[in-house]
1. Give the residues of the range 146-160 that are farther than 17 Å from Gly343 by Cα and assigned to a strand (DSSP E or B), sorted by residue number.
2. Which one is nearest to Lys82 (Cα to Cα), of the residues in the range 241-259 that are in contact with a helix residue (DSSP H, G or I) (Cβ under 8 Å, 6 or more places away or on another chain) and in a helix (DSSP H, G or I)?
3. With the requirement that a residue be outside any loop (DSSP other than H, G, I, E, B) and charged (D, E, K, R), what does the range 260-274 give you?
4. Consider the range 277-321. How many of its residues are open to solvent by less than 30 Å² (accessible area, probe 1.4 Å), under 23 Å from Ile8 (Cα atoms) and not aromatic (Phe, Trp, Tyr)?
5. Inspect the range 296-318 for any residue being more than 18 Å from Trp166 (Cα to Cα), out of contact with any Ser or Thr (no Cβ under 8 Å at 6 or more places or on another chain), part of a strand (DSSP E or B) and not assigned by TED's automatic domain parsing to the domain that holds Ala217 and give the result as yes or no.
6. Of all residues in the range 1-13, count the ones that are hydrophobic (A, V, I, L, M, F, W, C) and open to solvent by less than 10 Å² (accessible area, probe 1.4 Å).
7. Test of understanding: among Ala325, Ala333, which residue is more than 10 Å from the ligand (Cβ to nearest atom), in a helix (DSSP H, G or I) and among the small types (Gly, Ala, Ser)?
8. Run down Ala149, Ala185 and say which single residue is open to solvent by 60 Å² or more (accessible area, probe 1.4 Å), within 16 Å of the ligand (Cβ to nearest atom) and among the aliphatic types (A, V, I, L, M).
Amino acid sequence: MAPLRIAIIGAGPAGLTLARLLQVKGIPYTIYDLDAHAYSRDQGGTVDLHRRGGQMVLEEAGLLEEFKKLSRPEGEATKLVKYDGTVLVDENVEKVKRLEEHQDRPEIDRLVLRQLLLGSLTEGNNNIVWGKKLLGVEESNGKIDLQFADGVEKAFDIVVGADGAWSKVRPFLTDEKPFYSGITAIELWATNVDAQHQWLSQYVGQGSMFMFDQGRAVISQRNGNNTIRTYAAVKQPETWSNDCGIDWSKPEAKTQLIEGYFIDCADDLKRVIIDSNDNLVVRSMYMLPVDIKWEPKAGVTLIGDAAHLMTPFAGVGVNIAMVDALDLSRAIASCVDNKENIGTAVSAFEKEMFQRSQMFANKTWKNMQSHFSATGIEERAALARK
Ligand SMILES: Cc1cc2nc3c(=O)[nH]c(=O)nc-3n(C[C@H](O)[C@H](O)[C@H](O)COP(=O)(O)OP(=O)(O)OC[C@H]3O[C@@H](n4cnc5c(N)ncnc54)[C@H](O)[C@@H]3O)c2cc1C
């Protein structure tokens, strides 16, 4: 039997993990990504890999030991603060040693995870084609053709859409599109914190600081590169960031944000926003329906955010993207090894993925309702104290 011709669209955590797992199993593939090269844009902040999520997958990929060297178990430390500044929980004080021993959810910068996965692809970047923007997918004579901005690549047996929130593979399978979740976050960076933002560094601690309240939140996360990213989030309509009267490119934007939405908060929380002054990015948060599923179609499937985009309020997106990659790599391998029908194997994979994603999407949705309520921080504190 000729080897299956496999295309992975997207070199994010989902696509790169699948590539690594296929490589371990000796199965050839090609990744296409729209970025001009591996590091052409900011890769985002920190993510935590769970023992039975991302860590389990990295173990199968032969990368767990390397991950442990690169990750930050102390980054799991959580500080929970009420809007009036009362500190309800501070694991920096009580728990860091235990976190370092248990390594349940160590943090890793997305950039470092990308480097780990990319570096593990022994074929080097030969199997990754950068600067390829997918526009759409078509079936032709029982194979799948890929329409890119600069031409067509033909006759694939399997196309995996790992192309994130705005997937161009998804429309081949379903009409569902991401919709606005109701939350917009203003992402604020503080860089070189040890030298230039010592108060902030001390206040946030080694991991994440959360303030949840009715219709608003402040979340600060320490990243590995001496940077803290803060998300000042509000529950507002989709067009809010454009029509709220704040010009986000102006230095006074943060003061206006505080005056409009955080004025009654403790001085410490206002200072977190003010001191995070090295960059500002507006992030409107989108999601797919909690119960998304589609009828299987031969030769095309989705993994990661392309399949089940959710807001980050359960911190599971990367983890389930990697578990999708693991399960799909096994399904593909079963066809190569046992000559099982690829359509049947992928359909069985999707069935399990739908169940998993629905469970985590429900959890994420419930967390979002709780976090942006008046009792959100108390509810989170009760969980942390268990
Ligand atoms: C603020 C924030 C914090 C988060 N925190 C966490 C956390 O703590 N823990 C956690 O588990 N998850 C977290 N997440 C979620 C996590 O980032 C995503 O679930 C994860 O990145 C999904 O990976 P992916 O590979 O499916 O998609 P992506 O990371 O979006 O990668 C998609 C890839 O596809 C490429 N691509 C897109 N369109 C095309 C196209 N048309 N043609 C070719 N290539 C294309 C892109 O360039 C990209 O490389 C967070 C998300 C946000 C926004």
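The values are calculated or read from the model by the stated rules, or taken from the named source; none is laboratory data. Quick caveat, the model's predicted, so the values are computed rather than measured. Note that we place each Cβ from the backbone using ideal geometry, even for glycine, and neighbour counts take in every protein chain shown. Ligands, DNA and RNA are excluded from the accessible area calculation, which covers all protein heavy atoms including side chains. Shrake-Rupley method; radii C 1.70, N 1.55, O 1.52, S 1.80 Å.
1. Residues of the range 146-160 that are farther than 17 Å from Gly343 by Cα, as a first pass: 146-154.
Residues satisfying the conditions are Leu146, Gln147, Phe148, Gly151, Val152, Glu153, Lys154.
2. Taking the range 241-259 first, the residues in contact with a helix residue (DSSP H, G or I) (Cβ under 8 Å, 6 or more places away or on another chain) are 244-248, 254-255, 257-258.
Applying the additional criterion that residues be in a helix (DSSP H, G or I) yields 254-255, 257-258.
On the way: Lys254: 20, Thr255: 20, Leu257: 19, Ile258: 16 Å.
Filtering the range 241-259 for residues that are in contact with a helix residue (DSSP H, G or I) (Cβ under 8 Å, 6 or more places away or on another chain) and in a helix (DSSP H, G or I), the one nearest to Lys82 (Cα to Cα) comes out as Ile258.
3. Answer for the range 260-274, where residues must be outside any loop (DSSP other than H, G, I, E, B) and charged (D, E, K, R): Asp267, Asp268, Lys270, Arg271.
4. 20
5. Looking only at the range 296-318, we keep the residues that are more than 18 Å from Trp166 (Cα to Cα), and these are 296-299, 313-316.
From what's left, out of contact with any Ser or Thr (no Cβ under 8 Å at 6 or more places or on another chain): 297-299, 315.
Right, trim to part of a strand (DSSP E or B) and you get 297.
With the extra rule that they be not assigned by TED's automatic domain parsing to the domain that holds Ala217, the set shrinks to 297.
So far as the range 296-318 goes, yes, one or more of its residues are more than 18 Å from Trp166 (Cα to Cα), out of contact with any Ser or Thr (no Cβ under 8 Å at 6 or more places or on another chain), part of a strand (DSSP E or B) and not assigned by TED's automatic domain parsing to the domain that holds Ala217.
6. Just the residues of the range 1-13 that are hydrophobic (A, V, I, L, M, F, W, C), to begin with: 1-2, 4, 6-9, 11.
If we keep only those that are open to solvent by less than 10 Å² (accessible area, probe 1.4 Å) too, we end up with 6-9, 11.
The total comes to 5.
7. Numbers: Ala325 fails: more than 10 Å from the ligand (Cβ to nearest atom).
From the options Ala325, Ala333, the qualifying one is Ala333.
8. Numbers: Ala185 fails: open to solvent by 60 Å² or more (accessible area, probe 1.4 Å).
Matching residue, one of Ala149, Ala185: Ala149.
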